[in-house]
Structure formats: structure tokens, C-alpha cells
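This report concerns only the one structure given below.
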Amino acid sequence: MFGIGRRRGRLALTGLVAASLLTMGGTATAGTDADRGRPSGTTDLEFLALNDLHGNLEEPQGSAGNVTEIGPDGKPVSIPAGGIEHLATQLRAERAKNPNSLTIAAGDMIGASPLLSGLFHDEPTIEALNKVGLDVTSVGNHEFDEGKKELQRMQYGGCHPKEGCYTPGRTFEGADFQYLAANVLDERTGLPILAPVSIKNVGGARVGFIGMTLEGTPNIVTAEGVKGLTFKNEVKTANAIVPWLRLFGVESIVVLLHEGGLPTSNAYNYDCNAGGNLGLSGPVVDIAKNLDPAIDLVVTGHTHQAYACNIPDPAGKPRMVTSASSYGKMYTKIDLTYDKRTRDIVRTSVKAQNTVVRRDTPKAPDLTQLLADWQKLAAPVANRSIGYISADIRGRGATTPETPLGDVIADAQLEATAPADQGGAQIAFMNPGGIRSDLQYAAAGAEGNGVVTYAEAFTVQPFTNMMQTLDLKGQAVLDILAQQYSGANAANPKVLQISKGLTYTTDRSRTGAEKIVPGSVKLNGVPIDPAATYKVSANEFLAGGGDGFAAFKTGTNKLVGGSDLEALLAYFAAHSSASAPLAPPAADRITFIG
């Protein structure tokens, strides 16, 4: 059924899907009953969709906390947004208007989280989402940051296996909402590690949800996080489940998919289908075009973009595909009509609008109390000053491929691994996706302007990846740079952040690996020798070939050092003080031409 190559596995998975439908879907018979006897009329439904919260419970700071809006005059306006207290208030107000409402999500609700959640293995976020009223979500790649067992603990509860319970006498109870993982199979059993589907009864309307993460999850998560798991094709998985849903009388079908697209505009309220053209590209477009026509709606995530686009299904009929940015800065309000006679969503009725979570919205008191409880536990660690900066140092919010914060992080990692007893590194690489925020000059609390706290450093680098130093041939170094624009990264380039001393030129007019100008790659002014051996450091994710950088796997003589966060903390301690704060680097190690 899912192409896993074993008849036993296919039959077992079929049984699991059927069992899920029977336990969640009530007593409806298979879809062979005659039309007579069915009620007539329609029901108005509402879905409120989220994605990529990443444990951002407090108001996101810096550029990570802004959304772009096209104003009445047609000009872009930046709006501060987000904060779980505001989000809860707005979602509750929306649901009060329509009792036939569900709150749904498309993954990465946890993982890569700021300190308030990440310090406690995302228990605060699960508790917050319980209070917010989330009903169902797909898994995303970051749900696997700490592996299958920890994800299952998020679902079912229990104290952390090493750190125990954070409050004496209080056990973490897990998610009240359902995590779905239809395309994530246990290699040993061939079965999904969590429920593949969920059926919700909304005002008499039965709606089936299929939840999946992107098939490429193993390429963007540490090997330990996906150990023992198989990730199947999104289209084949969903299309195989559709007949089973329909067999059990479910005609209204929604896919929650942690994979996304890239809109032509960064404004959340742009017209995605203006002039009859699709203003969206990326993996989700081909996926949407091939999902079974019986699927009525596709809610997506992963790219942290905002869009609401109609994309033709295989039958040529428009089908809504949505995404609501990231970090809880907005949600998608989706209005639908359910036909009681056909038991199906009227496709032409589906309307979707991304809605900003505005900070002038009153805070939900119960969420404020929840945050206060966790903030009290985190305060001794979170508020510690670790360094000083003279201005904003942009990372996630930078507008250039090479970022000032990326340079700082790469330099910190080089400095941590350069001593002979730490690996003797000559070059350090940092993956751009591992830089989760900016460092903001303005004080976020009582620490004062220009002070960098432990919480802010953790928000930038929340993974605590261990540093690794490898022996790499010069040709492998050249291959790594070429892989920024080729292979797995050809469609969506990933520009690595590089340490001081390494320079090269990128020609924008060329394509793929040819973008790296021959002979331009130099270390301290000397061209890289393809036959020579270099000591190269990177975090364990990148050093393991993550993000499509397979050339790292040719490395030998691996030495494991401290964590990436420890390297950043040490760098600030050595290079900044109240009287001599660290200035943003020029970010000029890569020269772009063409």
C-alpha cells in the first residue's frame, strides 16, 4: 500500500489505518449507501491553521517578529506580530463566531525553540498548545530533533528520561491534540510511529485529516534523530489512504503537510493567483498537482512563508493550498461549506485568508500565567549576560546570503576548534538553517541595550549540536561549496556561512556548481589545493552530510568537541565587553558577481 516492499508491512499498515478510522470515525458504514435517507442542506465550517511555531511562546524579537503587509497605498509595511498570549485570544475569538471550528497545524510546532521552551524539551509549548485549543497537527522535521521516543513522549506524556519532572509532584501529561505521521514508518515493523489519520466530527460533518512531514526529513535532521525510521513519498502516502477514508464514509479530506513553497511576494496579503498566474514555486506545487482530487484542502508549512493559493488538482480543478508564515505571527482562517447530502466539502466554497497575530490584541490570562510559571524556572539561566554588541547583528533576518551573524558563528566555531588539542581546524562552515534568529541591540528585558543574554544566544543556536573537526581533501572543500547550488540544493540553494580567512567568488549568472568561480577559493589568500588536506570543523548535523552537503562524508580522523552554543558563548566572552562591544562583521568573505 505504501510501497514499503513487504506484503506483511502493507497488510499491517492497512490494518492500522482501518483501525484508526474505526476508533476515530464513529459507526458510519462504508460509502456504498444510497443517497436516500441522507440529510439535505449545508454546514459552514471553519479551520484555523498554524505551522512552524517552533516553540515561540513569547513575542518573537527582531526581524523574526515582523510580517510584511501590503498597505492601502500599495506599499509594504512591517508589522510586529506573534506571541502565544495574543494568538490564544484571537483564535478563541474566531471560534466563538463559529462553533463548527477546528484549529489545525502543519508541523514544526516544537523544535529549534527559544530557551523558554527548548530548555525544558518543549514541554511548555505542548502545554500552551493544549490551552490554545489545537485539535490536530502533522509532524514536521523538527519534531524529530530529539528522536522518535521523545516525539512520542510529547504525544503521550511522562517526565523526561534523563532530567525527570521539572516541577516536584507534577508529571508532564502530553498533548491533548493528535500528532499525525502517515509517512513516517518504523523500519522494524513497517508501521507509522504515530496515527496516520484523524477523523473529526464538526457540527455533524465528518472530516478526515492525513498528516505528513516531507520525505526529505532525514536530509535535514541529525542521523540520531531519525534513526530506525523510514520517510515515504508524500503523494503516494496520501493517495493510498484516500480510498480507505472514503470506504469508511469520509468524503471531506484535508492534508496537513510539512512541506511548502516560495511565494513571489513576501507580503502575507498578496494575491497568489493574480492575473491567472500562480505566484508560488517550490516542492509543494508538484505535490499539490498530484494529490488525489478527492482531497479538498492542503495545509502546508516548512518554508516559513505566507500564502493562500489555488493550485489545480489532477482533474484540473482548483484546490486551496495554504501556509501561515512561522513563529505564531499569523494563522490562516479557512472558511468552507460542507454538503450534508454528499458528505463532502464544496470545493468552490473554500476561502482562505492569512490573519496577523497583532500585539495590541489583549493577552489571554491563562497563557500569561503559564509563561510566567516557566519563566520563573528558566530565569536563573535565561537572564545571564554572556556578551555585548554595538548594533543589531543580523542572522535569520539578514537580506544577504552571507550574514553578519553567520560570520560571527563560523568564527566562534573556528576559534573553538583551532587549538591543536581541539582539532587544529583551519576552516569552519555553518549551515544557514541552524541560525534561528538575530541578535538585537535593543534590550528585550531588564538587561540593558547591547547586552546579549544566554536566552538570546540559545534562541540563535538552540540545537546544541556538537562540533566535529575532520580531515578533508581540498577537492572536498571545493565540492562542499559547489553543493550549495547543486544536487539536493539546486532548486533551493543553501549558502554556508564561512570562517575568516576563507574567501571565494560566486557568479550569479551561472547555474549549479558552476556558480563557484574556478580558482577563486582561497584560504588566507592562498588558493585551495585540491590534493592537500585541510582541517575543517562543522556542527555534527552538517559534518554528517546534512542539508545536501555529502562531501563532508569523505572526511577522516573525526574529533568531537564541545557544542556549537558553547563555542558562541566562549567567543563572546573573549571578544566583547561593556566597554568594547562586538561590532557586526562586514559579511564580505563571499564576493558576488554577475
> Got a number for residues in the stretch 139-198 being in contact with a Gly (Cβ under 9 Å, 6 or more places away or on another chain), touching a residue at least 60 places away in the same chain (Cβ under 8 Å) and open to solvent by 40 Å² or more (accessible area, probe 1.4 Å)?
Replying inline: 4
> In the stretch 370-412, what residues are without any contact (Cβ under 8 Å) to a residue 12 or more places away in the chain and of a type in the set (Gly, Ala, Ser)?
Replying inline: Ala372, Ala379
> Within the bounds of the stretch 111-124, is there any residue that is among the acidic types (Asp, Glu), out of contact with any helix residue (DSSP H, G or I) (no Cβ under 7 Å at 6 or more places or on another chain) and open to solvent by 20 Å² or more (accessible area, probe 1.4 Å)?
Replying inline: no
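Yes/no matrix, rows are residues, columns are (1) in contact with a Ser or Thr (Cβ under 8 Å, 6 or more places away or on another chain); (2) farther than 30 Å from Thr464 by Cα; (3) open to solvent by less than 10 Å² (accessible area, probe 1.4 Å):
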{"residue": "Lys200", "(1), (2), (3)": "no, yes, no"}
{"residue": "Gly211", "(1), (2), (3)": "yes, no, yes"}
{"residue": "Asn219", "(1), (2), (3)": "no, no, no"}
{"residue": "Thr222", "(1), (2), (3)": "no, no, no"}
{"residue": "Gly225", "(1), (2), (3)": "no, no, yes"}
{"residue": "Lys236", "(1), (2), (3)": "no, yes, no"}
{"residue": "Val242", "(1), (2), (3)": "no, yes, yes"}
{"residue": "Leu257", "(1), (2), (3)": "yes, no, yes"}
{"residue": "Gly261", "(1), (2), (3)": "yes, no, yes"}
>> Just to be sure I understand, how many residues within the stretch 393-402 are open to solvent by less than 30 Å² (accessible area, probe 1.4 Å) and under 16 Å from Tyr504 (Cβ atoms)?
In response: 1
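This table checks each residue for (1) in contact with a strand residue (DSSP E or B) (Cβ under 8 Å, 6 or more places away or on another chain); (2) open to solvent by less than 30 Å² (accessible area, probe 1.4 Å).
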residue	(1), (2)
Val346	yes, no
Ser349	yes, yes
Thr361	no, yes
Tyr388	yes, no
> Among the residues of the stretch 113-153, which ones are outside any loop (DSSP other than H, G, I, E, B) and among the hydrophobic types (A, V, I, L, M, F, W, C)?
Replying inline: Leu115, Leu116, Ile126, Ala128, Leu129, Val132, Val136, Phe144, Leu151
> Quick one: is Thr506 in a strand (DSSP E or B), polar (S, T, N, Q) and within 22 Å of Asp588 (Cα to Cα)?
Replying inline: yes
> On the given criteria, is Leu542 within 30 Å of Asp421 (Cβ to Cβ), within 28 Å of the chain's Cα centre (by Cα), open to solvent by less than 30 Å² (accessible area, probe 1.4 Å) and at pLDDT 95 or above?
Replying inline: yes
>> I'd like the full set of residues that are charged (D, E, K, R) and in contact with a strand residue (DSSP E or B) (Cβ under 7 Å, 6 or more places away or on another chain), limited to the stretch 328-342.
In response: Lys329, Lys333, Asp335, Asp339, Lys340
> Do you know which of the residues in the stretch 391-420 that are in a helix (DSSP H, G or I) and of a type outside the set (A, V, I, L, M) is farthest from Val452 (Cα to Cα)?
Replying inline: Thr417
> Going through the stretch 560-586 one residue at a time, which ones are open to solvent by 40 Å² or more (accessible area, probe 1.4 Å), in contact with an Asp or Glu (Cβ under 9 Å, 6 or more places away or on another chain) and not in a helix (DSSP H, G or I)?
Replying inline: Val560, Pro584, Ala586
> Of the residues that sit in the stretch 503-532 and are β-branched (Val, Ile, Thr) and touching a helix residue (DSSP H, G or I) at 6+ places or on another chain (Cβ under 9 Å), which one is surrounded by the most Cβ atoms within 10 Å (Cβ to Cβ)?
Replying inline: Ile516
> Residues Asn269, Asn310: which one is under 26 Å from Leu134 (Cα atoms), surrounded by fewer than 23 Cβ atoms within 10 Å (Cβ to Cβ) and either modelled with pLDDT under 95 or within 22 Å of the chain's Cα centre (by Cα) (or both)?
Replying inline: Asn269
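For the stretch 292-306, name all the residues that are within 22 Å of the chain's Cα centre (by Cα) and buried (at least 20 other Cβ atoms within 10 Å of the Cβ).
Result: Leu297, Val298, Val299, Thr300, Gly301, His302, Thr303, Gln305, Ala306.
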> With respect to the numbered conditions (1) closer than 25 Å to Ala128 by Cα; (2) of a type outside the set (Phe, Trp, Tyr); (3) assigned to a helix (DSSP H, G or I), which one is the sole condition not fulfilled by Lys162?
Replying inline: (3)
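When the stretch 446-473 is examined, which residues are found to be assigned to a helix (DSSP H, G or I) and either open to solvent by 10 Å² or more (accessible area, probe 1.4 Å) or closer than 16 Å to Ala378 by Cβ (or both)?
Within the stretch 446-473, Tyr454, Ala455, Glu456, Ala457, Phe458, Thr459 meet the criteria.
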>> So if I check each of Val495, Val536, Val521, which one is of a type in the set (A, V, I, L, M), within 24 Å of Ala412 (Cα to Cα) and free of Cβ contacts under 8 Å to residues at least 60 places away in the same chain?
In response: Val521
>> List pairs: first residue in the stretch 471-485 and under 17 Å from Thr503 (Cβ atoms) and touching a residue at least 60 places away in the same chain (Cβ under 8 Å), second residue of a type outside the set (A, V, I, L, M) and open to solvent by less than 10 Å² (accessible area, probe 1.4 Å) anywhere in the structure, Cβ distance under 7 angstrom, at least six positions apart or on different chains.
In response: Ile480/Phe429; Ile480/Phe549; Ile480/Phe552
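The values are calculated or read from the model by the stated rules, or taken from the named source; none is laboratory data. This one's a predicted model, so the numbers in the text were calculated from it and none came from an experiment. Cβ atoms come from the backbone with ideal geometry, glycine included; neighbour counts cover every protein chain shown. With ligands, DNA and RNA removed, areas are computed over all heavy atoms of the protein, side chains included. Shrake-Rupley method; radii C 1.70, N 1.55, O 1.52, S 1.80 Å.
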